Amino acid sequence: MPTSRRGSGSVTLPTGQVLAIHTRTQDEGDLPHATKKTMADHLRKYETIFTLTPQRMRIVVEAFKETLELGLEKPKQVVPMIPTFVFDWPTGEETGDFLAVDLGGTNLRVCLVTLQGNGKFEITQSKYRLTEEQKQEDGQKLFDFCAECLKTFIDTNLGEGTVKEGEKLPLGFTFSYPCSQERIDHGELIRWTKGFGATNTEGRDVAAMFRESLKTHNVPAELTAIINDTTGTLIASSYVNPRTRIAVIFGTGCNAAYMERVGDIPKIKNLGIDDEAQMAINCEWGAFDSFEHEHLPRTKYDQIIDETSNKPGEQAFEKLISGRYLGEILRLVICELIDEGVLFLGQNTYKIETAYAFDTAGTVDDHRYFTHFFALETTLAERQFFRALAKLVGRRAARLSACGIAAIVSRMGYLEEGCSVGADGSLYNKYPGFADRVHEGLQDIFGDKGRNIVTYHAEDGSGVGSAIIASMTKIRKDKGLYVNV
Ligand code: BGC
């Protein structure tokens with residue numbers, strides 16, 4: 001009988017790569033698992049990789065501030081700082097019925113919002129999950145789908161006679177992708193983000209495309225405003241909490257909006273708008289440090305995500321933060337440990353080796369998550385390691401977000417007086433401790449005064465916010481104020 005090859009080990013190849021080997025027989029049920037100590041050693045290594053020191057954060061804030069300024073000064077910058085033509089804060093007295101269509105990163109939502117004044121409202125909505133095909137097919141088809149859903153929604157939810165013959169309901173279209181705007185009801189898609197790639201859309205006016213679909217499907221709705229989810233959140237949050245100065249979305253994508261004095265937006269000086277007027281700016285900060293990659297601490301996992309994405313080089317800041325990517329960062333680290341022979345030796349790992357197999361919201365400390373989705377056996381020590389790793393990646397995302405918020409706070413001089421930051425999105429709402437980590441980050445940047453900046457769960461910007469903006473726009477135009485924008 002030849003001697004048995006049973007056991008585990010690893011050899012280093014001439015290329016420096018490690019080849020893990022494990023041999024078992026039909027009689028063995030037990031699988032080799034990493035010891036608690038090995039996992040603790042690995043965790044220390046990843047702690048170093050994913051931790052951002054306060055000094056480093058302050059450097060990022062400075063670069064961020066300069067980038068924001070550049071975007072306000074000149075058109076077509078990497079962080080485009082888009083003037084939205086949403087003027088000033090809502091009064092809370094906006095009233096009426098408005099439709100809202102919200103094309104987000106994951107779902108399409110259709111809403112009817114009744115603004116009752118005094119900061120009160122009622123909302124009825126339907127949600128449709130978008131398929132991967134819809135995200136990639138011809139853009140006009142995507143807008144046709146939005147129009148069809150809106151038509152069905154109106155037919156089922158609005159009683160007969162609500163919309164009179166020949167009349168149209170005002171519609172706010174929340175389109176949460178970077179669009180440069182010449183007017184509030186115009187938006188030229190700069191680039192798709194969040195994995196979308198619908199053809200024949202980039203560089204075109206999505207408002208005109210959607211209007212075309214509304215016409216084809218005979219929908220009694222008049223598109224009055226194109227709105228980013230952050231701008232909607234800023235306005236909706238202020239409607240219910242007037243201390244709000246900034247809004248941030250931490251969802252499939254990541255972005256912020258705030259209110260700027262028109263006189264401080266040099267690139268729109270030619271429009272002749274009063275310098276003292278206030279206008280919401282959609283920062284599109286997810287693009288910070290794109291292409292050049294000079295300022296952000298990117299790891300090799302971040303680089304893999306970027307290079308294998310449908311938009312390499314783009315949305316560099318977003319790729320370190322948003323919900324779309326956090327699970328993938330975690331999965332890539334786990335795959336590295338599989339390759340090194342530290343994890344799941346002797347088990348079939350092909351399921352976990354599929355890109356984006358990991359759901360960010362997945363409960364990585366629940367053993368059923370691994371058995372159910374990946375057919376993998378885990379030990380308590382391993383699951384504790386995954387949980388700690390998920391915390392590190394989430395903490396880095398929160399601290400980087402704090403840098404973005406700090407850049408706006410310091411540009412606008414909000415630190416002394418303090419302000420509220422309306423925040424929304426799956427990451428903010430579901431990732432354990434995310435808000436606390438953002439607050440810690442702000443204190444690391446500003447010291448004790450950082451406590452003056454407080455994030456809170458915002459009001460629904462893409463539905464309610466969109467309706468308020470549609471209403472504010474109507475009131476403004478009825479008054480004859482800047483009617484051409
Ligand atoms: C988009 C932004 C949006 C953010 C959050 C980003 O990918 O570019 O327009 O606000 O996601 O949804």
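Diagonalising the gyration tensor over the Cα atoms of the range 142-194 and scaling each eigenvalue by 5 before taking the square root yields semi-axes of 28, 14, 8 Å, largest first.
Phi angles of the range 332-343 translate, via the Karplus equation with coefficients 6.51, -1.76, 1.60 and θ = phi - 60°, into HN-Hα couplings of 5, 5, 4, 4, 4, 6, 5, 4, 7, x, 8, 10 Hz per residue; Gly and Pro are given as x.
Taking only the C-alpha atoms of the range 365-485, Rg followed by Dmax gives 20.7, 68 Å. Computed over the range 341-383, the quotient of the alpha carbon radius of gyration and 2.2 N^0.38 Å is 1.09. Each label was represented as a point 7 Å from its Cα along the Cα-to-Cβ direction; for L13 and V483 these points are 7.2 nm apart.
Which pairs in the list K194/K351; K127/K479; K37/K65; K65/K479; K74/K319 are over 32 Å apart, alpha-carbon to alpha-carbon? Correct reply: K127/K479; K37/K65; K65/K479.
From the largest down, the range 61-117 spans 42, 31, 22 angstrom on the principal axes of its Cα atoms.
Where only DSSP H runs of four or more residues are counted, the chain gives -12000 deg cm²/dmol as its mean residue ellipticity at 222 nm, each run worth -39500 (n - 2.57). Rg of the Cα atoms in the chain, relative to 2.2 N^0.38 Å, amounts to 1.08.
Rounded to the nearest 20 debye, the dipole magnitude of the chain is 940 debye, with +1 charges on Lys and Arg beta carbons, -1 on Asp and Glu beta carbons, and the Cα centre as origin. Taking a quarter of the surface of the Cα convex hull of the range 286-416 gives a mean projected area of 9.3 nm². Each of W285, W89 was scored by other Cβ atoms within 10 Å of its Cβ. Arranged with the fewest first, they read W89, W285. Over all orientations, the range 198-277 has a Cα convex hull whose mean projected area works out to 8.3 square nanometres. If you restrict to DSSP beta bridges whose two residues both lie in the chain, what percentage is antiparallel, to the nearest 5? Taking every DSSP beta bridge within the chain, about 65 percent pair in antiparallel fashion.
Working note: Karplus 6.51/-1.76/1.60 with θ = phi - 60° gives the range 303-314 the couplings 5, 4, 4, 5, 5, 8, 7, 6, 9, x, x, 8 Hz, where Gly and Pro are set to x. Residues of the range 251-289 with an amide N closer than 13 Å to a point placed 7 Å from the Cα of L70 along the Cα-to-Cβ direction: 287-289.
Spin-label pair R44-F291: with each label point 7 Å from Cα along the Cα-Cβ axis, the two points sit 4.3 nm from one another. Under 20 Å Cα-Cα from K164, which aspartates and glutamates qualify once same-chain neighbours fewer than 8 residues away are excluded? K164 reaches D97, E148, D155, E222.
In the chain, once you exclude exposed trypsin sites (Lys or Arg not before Pro) (DSSP loop, at most 13 other Cβ within 10 angstrom), what's the longest stretch remaining? Longest site-free region, per DSSP loop and neighbour criteria: 165-350. Database remark: amide H of I453 closer than 5 angstrom to the amide H of C419 (H placed geometrically; neighbours at sequence offset of 5 or more, or on other chains; Pro and chain starts carry no H). For the chain, relative contact order (Cα pairs under 8 Å, six or more residues apart, normalised by length) works out to 21 percent.
Here the 3J(HN,Hα) profile of the range 122-131, calculated from phi with Karplus coefficients 6.51, -1.76 and 1.60 at θ = phi - 60°, is 10, 9, 10, 8, 10, 10, 10, 7, 7, 8 Hz, Gly and Pro shown as x.
Each reported figure results from applying straightforward, stated rules to the coordinates on display, with no laboratory input. None of the values given here were measured: they were computed from a predicted structure. Every residue, glycine as well, gets a Cβ built from its backbone with ideal geometry; the counts of neighbours run over all protein chains shown.
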